[in-house]
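Below is one structure, written out as structure tokens, with a few remarks after it.
The values are calculated or read from the model by the stated rules, or taken from the named source; none is laboratory data. All figures in this text were calculated on a predicted structure; none of them were measured in a lab. A quick note on method: Cβ atoms are made from the backbone with ideal geometry, for glycine too, and the neighbour counts reach across all protein chains shown. The protein model used for the area step is the full one, side chains on, heavy atoms only, and it has no ligands, DNA or RNA in it. Shrake-Rupley method; radii C 1.70, N 1.55, O 1.52, S 1.80 Å.
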Amino acid sequence: MAAGCTIYSMPLKTQRSPVSDQPSLPQPAALGRARAAQPGWARTGLRARLALLRRARHRIAATAVEMARTVPVEFPGALHRTVADTLVSEVLPLVEACRFLEREARWILAPQRLSTHTRPFWLRRVTAETRREPLGVVLIIAPANYPLFLPGVQALQALAAGNAVLWKPAPGGTAPAEALRDVLAGCGLDPALLQLLDESPQAAADAIAAGVDKVFLTGTAATGTAVLTQLAVHHTPAVMELSGCDAVFVLPGAPVERVAAALAFGLRFNGSATCMAPRRLFLVGDHPGLVAAMLDRFKALPAVALPARTQAQLDDLLEDARRLGGSLLMDGSIEELRFAVISRATPDMRIAQSDIFAPVLSIFDVPDTDAAIAAHASCPYALTAAIFGPEAQARALASRLQVGTVLINDLIVATADPRVSFGGRKASGFGVTRGREGLLEMTALKTVVAQHSRDLRAYRPTTPDHEPFFAAYLEAVHSGSWRARWHGLRRLLRVASQLD
């Protein structure tokens, strides 16, 4: 066990550290404390910051079950979670992301010297490098469906990059946020560097108004619109990981049992309260036996208790699908739903364009990939897509899909890879979290350019005599044929000899 990281003998949920006993600070006060602490943290050095994360990873591994139990089961869909579900869906990918930072952050954040081989000749005495510097204080607005893993990885990446963090939990998400903060504080992190706000939407609005440096939101498209409206006033940058209505494409030759098992997993996982759960199924060509195999597995799914608002939304969407010619197969009532399958789906059905946390799947029968792509494009959301079939054909289709992530012969699971950056397009947001690119999102790019020449001619005003000189240089360097370049070089040498 790593030194310097206290191991508690009692469960994390019941034994709070002195850090957690402190009342929540008003947002301006929390921001002020974070700003005061952040410069010292940035000066600590990357090696020391990563050493603290390594100690925290060891601490999380030692108390993994206790940490998993801090994740609430009250939010829709989580009722069917076991502790094992939370361990594999939240705790395990969190510590893997931490280990990824320990191994990779040094080279990802290292200064990059621009190649001297490609610099323009007239800047031959200039060197340039790019540096990645901390943003300052970032605000993380967390979701309810994965209250530990998703914001936790963002917090770890922010801290690794040298930032301070304000974490706004979703309703019911304070306990896992406190658990991770306690681990980090017990491993030596200044509590001012990771502060929890209250769970209200107003807490995030107040933090934005107080002046954070960047916002990372995981939530619905509607929430993203509201937050972006606030950010625009302050010119605050953001990463938006928003809603999905994700598609699964089944190509000829796809293994029936694997597709059926993956779809059942996607509808069951976290009670279908996952932004990248399958909602649209595009069957390209004929797939005899697939729908029957899929329904056999769906019948074993546990029923999901939908909240009243989701019930009303789903009832409206299903009625719209029926009206437009869809055929509905539903197992269970709208309140206790195992699955709802809409066959003969069409792109104009609102259920094929909506983000909803319910075990619902719309089936599109399409003759070829062109038709599948056209039908898919009508949806405003573009988070992920899964493709099942021979890999060569699947890769060809993947290159044509406008989505953030494509999974081939898999669904959801592989995105837990800590190397994989995750983000959407269109109404599913912009920017990425996790992986290399997610870590870079936690930094500001600074370019440092150094001039080593003592020649002062560049500062002199141009005269009419310089016109033929620059024209000859452009011809000598950028013409399309060697004859033109040779002609330009001769002119350049002749004109240069005439300049003082």
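Worth a mention:
- Extension gain for Arg419 to Trp486 (0.36 nm times residue separation, less C-alpha to C-alpha distance): 19.2 nm.
- Ordering of 167-179, 191-203 by packing is 167-179, 191-203, highest average first (other Cβ atoms within 10 Å, averaged per residue).
- Think of each Lys and Arg Cβ as +1 and each Asp and Glu Cβ as -1; about the Cα centre, that makes the dipole of the range 309-448 roughly 560 debye.
- Computed from the C-beta positions of Asp286 and Lys446, the FRET efficiency with R₀ = 60 Å rounds to 0.60.
- Only one residue of Cys245, Cys275, Ile208 has its Cα farthest out toward the positive end of the dipole of the chain, where Lys and Arg carry +1 and Asp and Glu -1 on Cβ, and that residue is Ile208.
- Surrounding net charge for Arg54, when Lys and Arg each add one and Asp and Glu each subtract one, Cβ distance under 9 Å: +2
- Only helical runs count toward this figure. For the chain, summing -39,500 (n - 2.57) over DSSP H runs of n ≥ 4 and dividing by all residues gives -12500 deg cm²/dmol at 222 nm.
- Whole-Å distance, taken between Cα centres, linking the range 201-223 and the range 251-274: 34
- Structure-derived Kirkwood radius over Cα pairs in Å: which label, when the choices are (1) 22.8; (2) 21.9; (3) 25.5: (3)
- Computed over neighbours whose Cβ is under 14 Å from that of Pro418, the net charge equals 0, Lys and Arg +1, Asp and Glu -1.
- Using the Cβ-Cβ distance between Arg494 and Arg43 with R0 set to 51 Å, the FRET efficiency from 1/(1 + (r/R0)^6) comes to roughly 0.35.
- Computed over the range 309-349, relative contact order equals 37 percent, with contacts defined as Cα pairs under 8 Å that lie 6+ residues apart.
- Cut-off 13 Å between beta-carbons: net charge of the residues surrounding Met349, Lys and Arg +1, Asp and Glu -1: +2
- Cα centroid of the range 225-242 to Cα centroid of the range 71-143, whole Å: 20
- Residue-normalised accessible area of the chain, given per residue in Å² at a 1.4 Å probe: 45
- Quarter of Cα convex hull surface for the range 40-186, i.e. mean projection, nm²: 10.8
- Packing rank of 459-466, 411-418, 145-152, where each peptide gets the mean count of other beta carbons within 10 Å, highest leading: 145-152, 411-418, 459-466
- Listed peptides 430-441, 120-131, 254-265 by packing density, highest first (mean Cβ within 10 Å): 430-441, 254-265, 120-131
- Relative contact order, percent, the range 305-422 [alpha-carbon distance under 8 Å, six or more residues apart]: 18
- Cα-based shape type of the range 184-288, given that a ≥ b ≥ c are square roots of the gyration tensor eigenvalues and the cut on a/c is 1.5: prolate
- Annotation for the range 449-500 versus the range 32-69: alpha-carbon center distance of 55 Å.
- Value of relative contact order over the chain, rounded to a whole percent, pairs C-alpha under 8 Å and six or more apart: 17
- Computed from Cα atoms, the angle from the helix 27-43 axis to the main principal axis of the chain rounds to 50 degrees.
- Whole-number D in µm²/s for the range 377-500 (Stokes-Einstein; Kirkwood sum over Cα pairs; 25 °C, 0.890 mPa s): 122
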